[in-house]
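The values are calculated or read from the model by the stated rules, or taken from the named source; none is laboratory data. Please read all numbers here as calculations on a predicted model, not as lab measurements. Here Cβ is always computed from backbone atoms with ideal geometry, including for glycine, and neighbour counts include all displayed protein chains.
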Amino acid sequence: MSFDTTTTNSDSPKPLAAPIWIGDLKIDPPILAAPMAGFTNYPFRQIVREFGGAGLIATEMVNAKGFVWLDEQEATHPDRLWGVADEPRPLAVQIWDNDPPTLAKVGHRLATEYGVSVVDINFGCPVRQVTQKAHSGSYLLSQPERMGQIIEQVVAACHPTPVTAKIRLGCTRDKINAIDIAQVVEGAGAAALTVHGRTAADMFRGEADWDKISAIKPYLKRIPLIGNGDLDTAAKVVSAFERYDIDAVMIARACLNKPWLFAHAAAALRGEPVPEEPTLSEQRELMLHHYRLVCERFGPEKGTVLMRKFACCYAQGRRGARDFRKHVARVTTPEEFQAVVTEFFPRDLVDAMAS
Ligand SMILES: Cc1cc2nc3c(=O)[nH]c(=O)nc-3n(C[C@H](O)[C@H](O)[C@H](O)COP(=O)(O)O)c2cc1C
């Protein structure tokens, strides 16, 4: 389902979307930053928080068995939890596995020791490593009973911290069961449900089916429905609220390219004009600022390698992106990174400065 973004709400000063409640936690605005493995680490969450507009920010998914193993064998915790104990709230930590007691144990630690705002459980990951090998993530969509047991036990272990679930529409197009799953999720005590409008077999192919997300809403009596998939402009966020029966939205990939998108979408939902995109030199400054945060967290060597993929995301859709990608993919030191940015990003700015 594609988005009609021709409608605007500029005549109506009334907010299009009300805050939602996840348990006792108010999510305002109802725009959530998605968990993304390899991306939504501490520095990136800091960038999103600086722009504002995201009502709730999530970590990368954390494997519950890995947590327990590290805790017991090495008295340490997964690297993905770095910063979580002290960073600003609200913050959701996402966990994955298929064993109810293990997930409950880790949920409890996150709720009590880390004091996270929300414990989210991953039932949507379609990656083989997680589904075929670990019978977790979206694999569990074929086992609603197991999902119910997981949620019940995690909810009991985390109380009063709310527990949420993130799913896809089903395992395959001919086995779409999101409505049944949604009822299991709510019945087991979850405090919100996020639905990515694709099946696991789709991976990222085709378009997210927002009609199928919307169709779930009448079956939820108590908890908010958060729609997810393909929202990459403020206008599409507005359109999602106008056209579909959802309580909130979640944004993933687009914020890697535009971390200001939450703030812009929030303005649009308030009926305010959408701010201008940052200028090209502001975008360059942003990339360098992000790079400094990444180096502070990971050190210059690992930080430079890690920043390559973020830099490519920033460049995506800008003129000269291909050239920039080619060069940034090879940088290994802060000096090289700085030199490539100066020479290639963003192309229009580099050209303007040269002329
Ligand atoms: C690189 C990448 C990593 C992801 N990692 C996770 C994850 O750890 N947990 C999760 O629930 N979803 C994960 N997702 C899925 C997103 O949260 C989201 O559901 C999906 O990208 C659709 O939203 P979008 O169209 O706004 O990108 C990931 C997606 C991408 C592209």
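Could you tell me which of the residues Gly148, Gly115 is away from the ligand (no atom under 16 Å from the Cβ) and either closer than 30 Å to Ile47 by Cβ or free of Cβ contacts under 8 Å to residues at least 24 places away in the same chain (or both)?
Of Gly148, Gly115, the one residue that is away from the ligand (no atom under 16 Å from the Cβ) and either closer than 30 Å to Ile47 by Cβ or free of Cβ contacts under 8 Å to residues at least 24 places away in the same chain (or both) is Gly115.
Quick check: anything in the stretch 240-250 surrounded by fewer than 20 Cβ atoms within 10 Å (Cβ to Cβ), acidic (Asp, Glu) and more than 15 Å from the ligand (Cβ to nearest atom)?
The answer is yes; a qualifying residue exists.
Counting only residues that are part of a loop (DSSP other than H, G, I, E, B) and either touching a Leu at 6+ places or on another chain (Cβ under 7 Å) or of a type in the set (A, V, I, L, M) (or both), which one in the stretch 96-107 is surrounded by the most Cβ atoms within 10 Å (Cβ to Cβ)?
Asp97
Looking only at the stretch 72-95, which residues are among the charged types (D, E, K, R), in contact (Cβ under 8 Å) with a residue 12 or more places away in the chain, surrounded by fewer than 20 Cβ atoms within 10 Å (Cβ to Cβ) and over 16 Å from Cys158 (Cβ atoms)?
The one that is among the charged types (D, E, K, R), in contact (Cβ under 8 Å) with a residue 12 or more places away in the chain, surrounded by fewer than 20 Cβ atoms within 10 Å (Cβ to Cβ) and over 16 Å from Cys158 (Cβ atoms): Glu87.
Looking at the stretch 243-270, I want the residues that are in the same structural domain as Asn228 (by TED's automatic domain parsing) and of a type in the set (S, T, N, Q) and have a partner that is more than 10 Å from the ligand (Cβ to nearest atom) and part of a helix (DSSP H, G or I) with Cβ atoms under 9 Å, at least 6 apart or on another chain. Which pairs are those?
These pairs meet every condition: Asn257/Tyr314; Asn257/Ala315.
Being within 13 Å of the ligand (Cβ to nearest atom), small (Gly, Ala, Ser) and on the phi > 0 side of the Ramachandran plot narrows it down to one of Gly229, Gly299, Gly271, so name that one.
That would be Gly229, the only listed residue that is within 13 Å of the ligand (Cβ to nearest atom), small (Gly, Ala, Ser) and on the phi > 0 side of the Ramachandran plot.
Return the residues of the stretch 152-190 that are part of a loop (DSSP other than H, G, I, E, B) and either within 16 Å of the ligand (Cβ to nearest atom) or farther than 18 Å from Trp96 by Cβ (or both); say none if nothing qualifies.
The answer is His159, Pro160, Leu169, Cys171, Thr172, Asn177, Gly189, Ala190.
When you scan the stretch 133-151, how many residues do you find that are surrounded by fewer than 22 Cβ atoms within 10 Å (Cβ to Cβ) and within 15 Å of Asp97 (Cβ to Cβ)?
7
Being under 24 Å from Arg49 (Cβ atoms) and buried (at least 19 other Cβ atoms within 10 Å of the Cβ) narrows it down to one of Leu286, Leu269, so name that one.
Residue meeting the stated conditions: Leu269.
Of all residues in the stretch 221-247, how many are touching a strand residue (DSSP E or B) at 6+ places or on another chain (Cβ under 7 Å) and closer than 24 Å to Arg173 by Cα?
Looking only at that region, the number is 9.
Regarding Arg292, is this residue assigned by TED's automatic domain parsing to the domain that holds Glu343 and at pLDDT below 95?
It is false that Arg292 is assigned by TED's automatic domain parsing to the domain that holds Glu343 and at pLDDT below 95.
Which is more than 23 Å from Pro29 (Cα to Cα) and within 17 Å of the chain's Cα centre (by Cα), of Arg198, Arg205?
Arg198
Is one or more of the residues making up the stretch 247-255 closer than 30 Å to Glu335 by Cα, in a loop (DSSP other than H, G, I, E, B) and basic (Lys, Arg)?
Scanning the stretch 247-255, I find at least one residue that is closer than 30 Å to Glu335 by Cα, in a loop (DSSP other than H, G, I, E, B) and basic (Lys, Arg), so the answer is yes.
Can you pull out every residue in the stretch 108-138 that is within 14 Å of Pro78 (Cβ to Cβ) and part of a helix (DSSP H, G or I)?
Within the stretch 108-138, Arg109, Leu110, Glu113, Tyr114 meet the criteria.
List the pairs whose first member sits in the stretch 41-70 and is farther than 15 Å from His264 by Cα, whose second member is of a type in the set (Lys, Arg) and at pLDDT 95 or above, and whose Cβ atoms are under 6 Å apart, counting only residues at least 6 apart or on separate chains?
Correct list of pairs: Tyr42/Arg297; Pro43/Arg297; Ile57/Arg45; Glu60/Arg80; Val62/Arg80.
Taking Lys212, is it in contact (Cβ under 8 Å) with a residue 12 or more places away in the chain, over 27 Å from Gly271 (Cβ atoms), charged (D, E, K, R) and in a helix (DSSP H, G or I)?
So Lys212 fits the description; yes.
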